[in-house]
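The values are calculated or read from the model by the stated rules, or taken from the named source; none is laboratory data. On a predicted model such as this, the values are computed, not experimentally measured, just so you know. In this analysis, Cβ positions are derived from the backbone assuming ideal geometry, glycine residues included, and neighbour counts consider all displayed protein chains. Only protein heavy atoms, including side chains, enter the accessible area calculation; ligands, DNA and RNA are left aside. Shrake-Rupley method; radii C 1.70, N 1.55, O 1.52, S 1.80 Å.
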Amino acid sequence: MEDNKNVITKYPEGLEYLNKHLNVLGLPKFLGGLRKRLIKSLILTLARQ
Amino acid sequence: MNNKELVAYRTKLFRDAATFKKPDRIPHMSFFVTWKILGGGYTLNEGLRNYDIMTKVIREHQEKYNFDVIFELGVRNIVRLVDHLGGGTYIIRDDGIEYKDNALVELEELDEYTADPTKFIWEKGMCKKYPMWADGTITVADLQKCFDEQKAFLGYYKKIQKILKEEYGVASFNGQVVPCYPGVDFLFNSILGIKNLSLAMRRMPEKVDAAVKATNELFQVPGIAALKRTKGPNPKVCYDYDITLLVHTILNGKQFDRWLWPDLKDELDILNEKNLTTRLFMEGSSKPFWDHFADYKKGVITMHPEADDPFEMRKALPNCAILGGMPVELLGRGTPQECVERAKALVDGLGGLDGGLVLSQDKMGTFKTDADPENLKAVSEFIVNYRG
């Protein structure tokens, strides 16, 4: 992990980065709080599945 | 009866049964998961990876067996979501699913996890699951595919619910939006795994206390807050709430009281206070813990016994309705007559026509041998016509 420079894999930097670049179910950027909750929820789902 | 009226009729059957009012007849619920796919003549890879095939599977399941509710609508194994990242916990074969007891957290990492579960899962847990996360090759495009897949999944789920309701008059099982999930069950199921949680409970119980508390912030705390906001029973769904638990299968009485009961009690106390109904499915046996449920109001808890005898359960917990009772072993290997006799014995023996019984399978129907279609058809026909 020490060599992994990908910002996506860091928290909370990855969350901020993904919020800027992902299309989160079509939600507008100004709904940042909701977008971030959904991104966190997706990562949690991916970790569980 | 048109389909709208049928939905209302079926929903009332469940609500009456759960609250010990005399139902018009015994409600019948499908608790089949992957059996629906295999029993329909498809492979699991076809069914789980193609929403059009899954839609056909659900339609055929309802057309053949005429259930009042189908508990699982092809959404339990979201394999397409993890396919984009190279696969996850489940190994899907054409005829069965294997589950890997993966630990996202090793014992020596427990303190770090507890300090910030989200950060740990994001930075280390995901690395253990997905090589492209670990080596840093994951891209925004990869995660965009996951989000798009999630959208497709939600679209499928909405569509299949609509089809069942509007074309078949099938009722909705429950309407709970933000579920609680006790931290220790999540540690067992997804974070530490069976082996590491067992070791941690023995070797470092105080650290398990802290890990449970930290984990509760993910689901349990928001779930309790949402439950507290619930105004009262929802007559449009069969149950107001649903609880499934796994971790008790490795807990002794003291461990149950220390790590699971406080959170489970929080949920049940609110349900009790608000007169909400819940199914409580504790996989394996729940018998060692039955005394914990004995004092709740009649009609709040519907127990779904998997490995326990429903007749014994009724004697010990006369305040709890029972959902289940049909062994998948019998449905798979018995004769139609034996299956109907079992269903009749359940209804008569538990006094189900006066309330307190929903007929269903004891286990999640998973393998092709979990039911013979002729046996299931015989039980389905019997139960809608039996009036004592």
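Solvent-accessible surface of the stretch B:1-157, taken per residue with a 1.4 Å probe and all protein chains present: 41 Å². With contacts taken as Cα pairs under 8 Å and at least 6 residues apart, the stretch B:1-56 reaches a relative contact order of 17 percent. With respect to the cross-link table entries B:36/B:274; B:128/B:254; A:40/B:165; A:20/B:56; B:36/B:165; B:207/B:265, which display a Cα-Cα separation exceeding 30 Å? Flagged as over cut-off: B:36/B:274; B:128/B:254; A:40/B:165; A:20/B:56. Both chains summed, the buried accessible area for B and A stands near 2900 Å², from protein heavy atoms and a 1.4 Å probe.
The modelled label-to-label distance for the pair residue B:226/residue B:354, using points 7 Å beyond Cα in the direction of Cβ, is 3.8 nm. Taking all protein chains into account, the per residue accessible area for the stretch A:8-48 stands at 49 Å² (1.4 Å probe).
Extension gain for residue B:335-residue B:213 works out to 39.0 nm (0.36 nm per residue, less the C-alpha to C-alpha distance). Other residues lying with their Cβ under 15 Å from the Cβ of residue B:230 contribute a combined charge of -1, Lys and Arg counting +1, Asp and Glu -1.
What FRET efficiency comes out for residue B:115 versus residue A:41 if R0 is 30 angstrom and r is the Cβ-Cβ distance? Round to the nearest 0.05.
0.90
Helix B:205-216 and the long axis of chain B differ in direction by around 70°, with both axes built from C-alpha atoms. Helix B:261-273 and the longest principal axis of the Cα set of chain B meet at an angle near 40°.
As a fraction of the 1.4 Å probe accessible area of the protein assembly as shown, surface on carbon and sulfur atoms comes out at 53 percent. Rounded to the nearest 0.05, what FRET efficiency do residue B:142 and residue B:2 have when you use their Cβ-Cβ distance and R0 = 51 Å? For R0 = 51 Å, the calculated efficiency reads 0.65.
Cβ under 13 Å from residue B:218's Cβ, residue B:218 left aside: what net charge do those residues give with Lys, Arg +1 and Asp, Glu -1? Charge balance in the 13 Å sphere: +1. For chain B, the longest principal axis of the alpha carbon atoms and the long axis of helix B:336-349 meet at an angle near 90°. Starting from the Cα of residue B:157, move 7 Å in the Cα-to-Cβ direction to define the label point; list residues of the stretch B:173-197 whose amide nitrogen is under 16 Å from there. In the stretch B:173-197, the label zone of residue B:157 (backbone N under 16 Å from the point 7 Å along Cα→Cβ) covers B:173-181. A simple count of charges around residue B:185, restricted to other residues whose Cβ falls under 13 Å of its Cβ and scoring Lys, Arg +1 and Asp, Glu -1, yields -2. With contacts taken as Cα pairs under 8 Å at a separation of at least 6 residues, the stretch B:215-374 carries a relative contact order of 18 percent. Among B:357, B:271, B:199, the residue with the largest mean-square fluctuation in a Gaussian network model of chain B, with springs joining Cα atoms closer than 10 Å, is B:199. When only Cα pairs below 8 angstrom with a gap of at least 6 residues are kept, chain B shows a relative contact order of 24 percent.
Placing a label point 7 Å from the Cα of residue B:275 along the Cα-to-Cβ direction, the residues of the stretch B:235-255 with a backbone N closer than 14 Å are B:235.
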